[in-house]
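Colleague: Can you read through this structure? Questions will come right after.
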Amino acid sequence: MSSGPDTHAEATAFPGVRTRVWRKGVLERENFPFEEVSDYLEQPDCLVWADLCAPDAATLDQLAEELCLDPHAVEDAGSLHERPKATRYATHLFLSTYALRAGKGADALDMTHVSAFCTKQAFVTVRLDDGFDIEQVVEHWDGNADLMRLGPRALEHGLLDVIVDQYFEAIQSFDEEIDTIEGTLFEDTSGSMKQVQIRAYEVRKALLRARRVVLPMREVVNTVMRRGETGEGAVELAPYFEDLYDHVLRAAEWTESLRDMISSIFDTNMALADSRLNLIMKKLTSWAAIIAVPTAVTGYFGQNVPYPGFDSHWGFVLSVALIVVISAALYLAFKRKEWL
């Protein structure tokens, strides 16, 4: 075993596994073989972290064996459809969360299932894919190195803090997209109404997906806070978790307000559609009234006067051609204005 900090990469038996160990709050070694985790856990002054990215069934089984984890929690860690939750077991706390990342497009939202096992001396994270950058969490821990002496709850806070911060980034992208939609809502251009409807629907769908992840996090953080009320470092970590809980509440409230805004855009767009339809009907009615006057007068008095081509074959053809051309021109004009 190394007597000083060793941050050089070492070969591990399992690909996609990253490890670290702190001794009395000081980083001692990282990227050591996963099989050595249990050796460090036998030493009371050690804090161990292991990260598994896209693990297979064999790796998860060894994880359960090394840390004596509940098999139901291990099964949930490998599931794609678990709800965000925090569950207490006899020997550990299991966290099931989702990291969010806004992608390209109004409805692009990347979600990564991130699970964590927290014991007295170990903290294990399980990611089903590499959509969540664990390096951000490591940087957060390194930036708060003085908290490592408080045990795995400090690691627990760092993970949740990074995940919640990413919620704000994703929600901010929705907010900006909604502002853009609002900017085009009153544009009186061809196809604008339909485009607003499509974009608003896409944002609403992505926002609902984010809401299913953000809202349960309130209970997750609340459970973690209650668990640590009397544990190691409870007094020192309490302000950190209270601040984290406040961030979760703000994120949840933000999603709720954006949902109301997108619903308001739907309603406003429909009201504008009705208003535009009424305006079109007024125009058509006005023109119909104008045309009806000469039609009624000439029809009442039966005014049949000679015209070019009167009483000849080419005059009949000319009149039919005028009817077809004028009707087609009116149809194209109305179609271009989306009146038909």
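The values are calculated or read from the model by the stated rules, or taken from the named source; none is laboratory data. Worth saying up front: this structure is predicted, and the values here are computed from it rather than measured. Ideal geometry is used to build each Cβ from the backbone, glycine not excepted, and the neighbour counts take in all protein chains shown. Protein only, heavy atoms only, side chains kept; ligands, DNA and RNA dropped before computing areas. Shrake-Rupley method; radii C 1.70, N 1.55, O 1.52, S 1.80 Å.
Colleague: Could you work out how far the C-alpha centroid of the range 253-273 sits from that of the range 131-193, in angstrom?
Modeller: Measuring centre to centre over Cα atoms gives 23 Å.
Colleague: Order 117, 266, 334, 316, most accessible first, counting only protein heavy atoms with a 1.4 angstrom probe.
Modeller: Largest accessible area first, the list is 316, 334, 266, 117.
Colleague: What's the carbon and sulfur percent of the chain's accessible surface, probe 1.4 angstrom, rounded to a whole number?
Modeller: In the chain, the share of accessible area belonging to carbon and sulfur is 57 percent.
Colleague: Can I ask one more? Please give every one of the aspartates and glutamates within straight-line cross-link reach of residue 205, meaning a C-alpha to C-alpha distance under 18 Å, and leave out same-chain neighbours fewer than 8 residues apart.
Modeller: In chain and number order, the partners are 107, 110, 169, 175, 176, 177, 179, 182, 253, 256, 260, 267.
Colleague: In whole percent, what relative contact order does the chain give with Cα contacts below 8 Å and a gap of six or more residues?
Modeller: Across the chain, relative contact order equals 13 percent.
Colleague: Follow-up. Could you tell me which residue out of 193, 281, 126 lies farthest along the dipole of the chain toward its positive end? Charges go on the beta carbon: Lys and Arg +1, Asp and Glu -1, centred on the Cα centre.
Modeller: Positive-end residue among those listed: 281.
Colleague: Per residue, how much accessible surface does the range 31-152 expose to a 1.4 Å probe? Answer in Å², no decimals.
Modeller: 43 Å²
Colleague: Counting helices only, and only those DSSP H runs with n ≥ 4, report the 222 nm mean residue ellipticity of the chain as the sum of -39,500 (n - 2.57) divided by its residues, in deg cm²/dmol to the nearest 500.
Modeller: Helix contribution divided over all residues of the chain: -19500 deg cm²/dmol.
Colleague: Please give the charge dipole size of the chain, origin at the Cα centre, charges +1 on K and R Cβ atoms and -1 on D and E Cβ atoms. Round to the nearest 20 debye.
Modeller: The calculated dipole for the chain is roughly 2320 debye.
Colleague: Along the positive direction of the dipole of the range 76-139 (beta-carbon charges: Lys, Arg +1; Asp, Glu -1; about the Cα centre), which of 78, 93, 137 reaches farthest?
Modeller: With unit charges placed on the Cβ atoms, the residue in question is 93.
Colleague: Based solely on C-alpha atoms, express the radius of gyration and the Dmax of the chain in angstrom.
Modeller: 33.4, 116
Colleague: Among 63, 32, 158, which residue has its Cα positioned farthest towards the positive end of the charge dipole of the chain, with +1 placed on the Cβ of Lys and Arg, -1 on the Cβ of Asp and Glu, and the dipole taken about the Cα centre?
Modeller: 158
Colleague: Could you pull the accessible area for residue 276 with a 1.4 Å probe, rounded to 10 Å²?
Modeller: Only protein atoms counted, so the area is about 60 Å².
Colleague: Amide H neighbours of residue 122 under 5 Å, at least 5 residues apart or on other chains, H built in the peptide plane: list them.
Modeller: 48
Colleague: Are there DSSP H segments in the chain that both extend 24 Å or more along their axis (alpha-carbon positions) and score a mean Kyte-Doolittle hydropathy of at least 0.5? List them, or say none.
Modeller: 313-336
Colleague: On to the next question. Rounded to the nearest 10 Å², what accessible area does residue 92 have for a 1.4 Å probe in the complete protein model?
Modeller: Here the accessible area works out near 10 Å².
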